[in-house]
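S.K.: Below is the structure I would like to discuss, written out as structure tokens.
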Amino acid sequence: MTLNTEKARILVVDDSPSTVEVLERNLASAGYQVFTASGVAQAIEILNGTELDLVITDLKMPKVSGLDLVRHVRENFKKTEVIMMTGYPSVEGAVKAVKTGAEEFLAKPFTDAELLSAVGRVLDKARLRRFGDDVVRPSPPTHKGLIGQSKSMKKVSVAISKAAASSATVLITGESGTGKELAARAIHYSSARSAAAFVPVNCGSIPEGLLESELFGHVKGAFTGAVESRAGFFHTADGGTLFLDEISEMSLAMQVKLLRVLQDKEICMVGSDKARKVDVRVLAATNKDLQRLVTKGLFRADLFYRINVITVDMPPLRERGDDILVLAHHFAARFADESGSTPLRFSDESLQRLRACSWPGNVRELENVIQRLAVMADGDLVEVSDLPALCRFSALGKTGFTRTLAEVEQDYIRNVLASVEGNKTRAAEILGIDRKTLRDKLRKTDTAAS
């Protein structure tokens, strides 16, 4: 079996029928062939009789645990990858899962997008490992997961290599969608800590009141609702790497606590006065100008200097030249593998337009466009007319200097919305504003048009 010609085969293992049903439905709708098991014994029977690409297993199950299944897969089915699912109360078990052999872990509850993203990453790595040079790809990755040979990406590769050889904190900067988490993963998996956990945390998605507990953990009774003690992400990342994305969204009060941890290398769980030493390397990322935020008093200067020992600046896609074409072919091949279909081909003119497009959402937006083309295209040849409006008009559209700033902004917002098929949450993320601000701007646009 090859992932090029057949659907990837995934086994879901969980003693919760409702969880199994949801995962089976979501994975099947994404084009995967799904097998299910309610326990480890049944899972091993399926493994013995079916060649599988991936096992997604819960951590805590009756009789035999998910950790034992991970170990069994690693020692008996070297071509089968594993993703561990875990509830927050069992977050420390995720560390053991990663060390035992799980490629990634998903903390429950997770979204459909997080599930499919993790599955895609693991299968992509498996595909490259399994077929090696036989896999047709436009260009070898600059670093793990990072594809491109442009001058700017070669600089990134050099910076990642130097960062991986050091134990210093790293600040990864760049616009939304440029691959900051991929750079962080590349640093981790190229470092001496690669055998330990890589734990990503989006500081902007966790409510301020919960961030301290999520990072440092809490003891039973620390606050209303703390019915049992729970380890935090620093515990999970002990010996490994903690990736703090959108660190600019962290409050000043929380910045003080993080600074103390970085200085003392010890944490104190919420509700406890007992400190615990941790060995965690911190990588941080932001799409904002932290130096400007420091000047405005919105970010602590001492924390900025502490996390900015090494800087990796991810270039926007519009500055990466032919990397745009390399990535387009890469995504086309990947989505063809996932669906078992023929990879997309691009006409010369469509490639020119892809390269000329401004890509405000960067690599993430390009990936979204190629996936949509793979699903919606009538054939396997992509013409200019198949491309989104942002690409069709970016090279030959209105470029004169007769429009007002408001008109330029309105056109840009409409183009971004078109590129994500009207998804306002995604558009707001690309634009770097919240949904309320986007709604206000759209209301002004509608008013001006009426």
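S.K.: Which one of these is under 27 Å from Ser248 (Cβ atoms) and either more than 26 Å from the chain's Cα centre (by Cα) or at pLDDT 80 or above (or both): Arg392, Arg435, Arg355?
M.R.: Values: Arg392 fails: under 27 Å from Ser248 (Cβ atoms); Arg355 fails: under 27 Å from Ser248 (Cβ atoms).
Answer to the selection: Arg435.
S.K.: Wholly within region 194-299, which helices (runs of 4 or more DSSP H) include no fewer than the required count, namely at least 3 residues that are not hydrophobic (A, V, I, L, M, F, W, C)? Don't jump to the end; show me each part of the working.
M.R.: On the way: elements: 208-216, 233-236, 252-264, 290-295.
Of the helices (runs of 4 or more DSSP H) lying wholly inside region 194-299, those with at least 3 residues that are not hydrophobic (A, V, I, L, M, F, W, C) span 208-216, 252-264, 290-295.
S.K.: Residues in region 218-225: is at least one crowded, with 22+ Cβ neighbours inside 10 Å, over 20 Å from the mean Cα position of the chain (by Cα) and not assigned by TED's automatic domain parsing to the domain that holds Thr100? Talk me through it step by step, then tell me what you get.
M.R.: Kept after step one, since they are crowded, with 22+ Cβ neighbours inside 10 Å, are these residues of region 218-225: 218.
Right, trim to over 20 Å from the mean Cα position of the chain (by Cα) and you get 218.
When the remaining residues are screened for being not assigned by TED's automatic domain parsing to the domain that holds Thr100, the result is 218.
Checking region 218-225: at least one residue is crowded, with 22+ Cβ neighbours inside 10 Å, over 20 Å from the mean Cα position of the chain (by Cα) and not assigned by TED's automatic domain parsing to the domain that holds Thr100.
S.K.: May I ask you to verify whether Thr311 is more than 21 Å from Lys162 (Cα to Cα) and either among the polar types (S, T, N, Q) or at pLDDT 95 or above (or both)? Step through it out loud before you land on a result.
M.R.: On the way: more than 21 Å from Lys162 (Cα to Cα): no; either among the polar types (S, T, N, Q) or at pLDDT 95 or above (or both): yes.
No, not satisfied.
S.K.: On to the next question. Output the residue which, of all residues in region 205-217 that are of a type in the set (Gly, Ala, Ser) and exposed (fewer than 15 other Cβ atoms within 10 Å of the Cβ), is farthest from Cys268 (Cα to Cα). Walk me through how you get there before you give the answer.
M.R.: Step one: filter region 205-217 for residues of a type in the set (Gly, Ala, Ser), giving 205, 209, 213, 217.
Next, only the ones that are exposed (fewer than 15 other Cβ atoms within 10 Å of the Cβ) stay: 205, 209.
Numbers: Ser205: 22, Gly209: 16 Å.
Per the stated criteria, the residue is Ser205.
S.K.: How about region 317-350: which of its residues are within 16 Å of Ala377 (Cα to Cα) and not in a helix (DSSP H, G or I)?
M.R.: Gly340, Ser341, Thr342, Pro343, Leu344, Arg345, Phe346, Ser347
S.K.: Looking at region 351-388, which of its residues are assigned to a loop (DSSP other than H, G, I, E, B) and either touching a residue at least 12 places away in the same chain (Cβ under 8 Å) or touching a strand residue (DSSP E or B) at 6+ places or on another chain (Cβ under 8 Å) (or both)? Steps first, please.
M.R.: Let us first name the residues in region 351-388 that are assigned to a loop (DSSP other than H, G, I, E, B), namely 357-361, 377-380, 383, 387-388.
Residues satisfying the conditions are Cys357, Ser358, Trp359, Pro360, Gly361, Ala377, Asp380, Glu383, Leu387, Pro388.
S.K.: A further question on this structure: Please verify whether Val122 is surrounded by 14 or more Cβ atoms within 10 Å (Cβ to Cβ) and either modelled with pLDDT under 90 or touching a Cys at 6+ places or on another chain (Cβ under 8 Å) (or both), treating the condition exactly as stated.
M.R.: Details: surrounded by 14 or more Cβ atoms within 10 Å (Cβ to Cβ): yes; either modelled with pLDDT under 90 or touching a Cys at 6+ places or on another chain (Cβ under 8 Å) (or both): yes.
Yes.
S.K.: Could you figure out which of (1) in contact with a Leu (Cβ under 9 Å, 6 or more places away or on another chain); (2) outside any loop (DSSP other than H, G, I, E, B); (3) under 25 Å from Pro316 (Cα atoms) isn't true of Gly177?
M.R.: All conditions pass for Gly177, except number (2).
The values are calculated or read from the model by the stated rules, or taken from the named source; none is laboratory data. It should be emphasised that the depicted structure is a prediction, and the values quoted were computed from it without experimental measurement. Cβ coordinates were reconstructed from backbone atoms using ideal geometry, including for glycine residues, and neighbour counts include every protein chain displayed.
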